[in-house]
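These notes are about the structure you will find just below.
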Amino acid sequence: MRILIVEDEKDLAYVLSETLKLEGYNIDIANDGEYGLDCALTGVYDLIILDVMLPKINGFDVLKQLRTANIHSAVLMLTARSQIEDKVEGLDSGADDYLTKPFITKEFLARVRALCRRRSNEYVSDRPQFGDIILDTPHHELHCGDKRIMLSKKEYDLIELLILNKGKVIGKDVMITKIWGYETDVEYNSIEVYISFLRKKMKALNSAVSIQTSRGVGYFLAEDKNG
C-alpha cells in the first residue's frame, strides 16, 4: 500500500511517516496543498492523509479537485479543527474518514488499517484475473490453465498493476511511482526490462493475454480471443 501524507507541520509529517513505515507502508510526503495535489493527481496512492489547514491550497479544495478529477484514493482528513461543520464539509467533499488533532497513535493506525482494508476489498482478491491468466497472490505465481510460473517481486508488482487496471493504459511515470516510489531515480529502461521478462513468462504459459505498448505513453493488457 502506498500512502501520501499532505501535512505542513514537518515534524508531525515525519513522525507519521516513520510510524507508517514501521507498519510496512510505502510513504511520500508533501508539505503544502499545491504539491500535495500534484502528487495525488498521479492516482498512484491507495490512501491520502490530508490536513485541512495547508499553505497554497487548503485540504478541502485539494479533496474537491481530486474527486472532480476522478481520483478515488481513500482520504483520511487530519485537522485541528473539530467543529461539526468542518467534519461535514470534509465528508461531503469526498473524505472517507476524519480524525481531529491531537490523536492517539493507536487510533490513527486503526483508522489507516480500516481504510486500507476497505480499499483492498474494493478491487483486490487473492487471485486477480484477466483473460486466461490468474495471479496467485499468496505464492507470487502467474497461472494459465494448468501451468504456473514464479514471478520476481517487481514482475509481480507490474502484472498486478496491469491486471487491476485492465482496459487502461498505465503510464511509465505511474508505474515507476507506484512500484519504485515517488523519489526514485529508476529510469524507463528498468520498466522495459521487467516488461520483457513478463512477456517471456506469459509466452511460456501459452497465454492468450499479452502486454501491449501504447507508444510514448505506457502499457496495457490485451486478450487475443481468437488465439
Completion exercise
Of ARG117, ARG81, the only residue that is open to solvent by 70 Å² or more (accessible area, probe 1.4 Å), at pLDDT below 90 and either closer than 18 Å to MET1 by Cα or within 16 Å of the chain's Cα centre (by Cα) (or both) is ARG117
Handout entry: Any chance ASP61 is acidic (Asp, Glu) and under 19 Å from the mean Cα position of the chain (by Cα)
Key = no
Practice task
Go through region 17-47 residue by residue and tally those that are of a type in the set (Gly, Ala, Ser), under 14 Å from MET1 (Cβ atoms) and either in contact with a Phe, Trp or Tyr (Cβ under 7 Å, 6 or more places away or on another chain) or open to solvent by less than 10 Å² (accessible area, probe 1.4 Å) (or both).
Solution key: 1
Practice task
Pairs only if they're at least six apart or on different chains, beta carbon under 8 angstrom, first in region 37-59 and aromatic (Phe, Trp, Tyr), second open to solvent by 10 Å² or more (accessible area, probe 1.4 Å); list them, first residue then second.
Solution key: TYR45/ARG2; TYR45/ASP28
Fill in the blank from the handout: Apart from one, (1) within 16 Å of CYS116 (Cβ to Cβ); (2) modelled with pLDDT under 85 all hold for ASP46; the odd one out is (2)
Practice task
For region 155-178, enumerate the residues that are of a type in the set (D, E, K, R) and closer than 18 Å to GLN212 by Cα.
Solution key: GLU155, ASP157, GLU160, LYS166, LYS168, LYS172, ASP173
Problem - Matching residues, region 179-192, being aliphatic (A, V, I, L, M) and under 16 Å from SER214 (Cα atoms) - result: ILE191
Practice task
Select, from ASN26, ASN31, the only residue that is in contact (Cβ under 8 Å) with a residue 60 or more places away in the chain and not aliphatic (A, V, I, L, M).
Solution key: ASN26
Fill in the blank from the handout: Within region 194-227, the residues that are open to solvent by 40 Å² or more (accessible area, probe 1.4 Å), small (Gly, Ala, Ser) and under 21 Å from GLY43 (Cα atoms) are GLY216
Practice task
Would you please list the contacts, defined by Cβ atoms under 6 Å and residues six or more apart or on different chains, that run from a residue in region 178-193 that is farther than 22 Å from ILE5 by Cβ and surrounded by 13 or more Cβ atoms within 10 Å (Cβ to Cβ) to a residue that is charged (D, E, K, R) and modelled with pLDDT of 85 or more?
Solution key: ILE191/LYS172
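The values are calculated or read from the model by the stated rules, or taken from the named source; none is laboratory data. The structure presented is a predicted model; accordingly, all values stated were derived computationally and were not measured. Note that each Cβ is placed from the backbone with ideal geometry, even for glycine, and that neighbours are counted across all protein chains shown. SASA here: full protein model, heavy atoms, side chains in, ligands and nucleic acids out. Shrake-Rupley method; radii C 1.70, N 1.55, O 1.52, S 1.80 Å.
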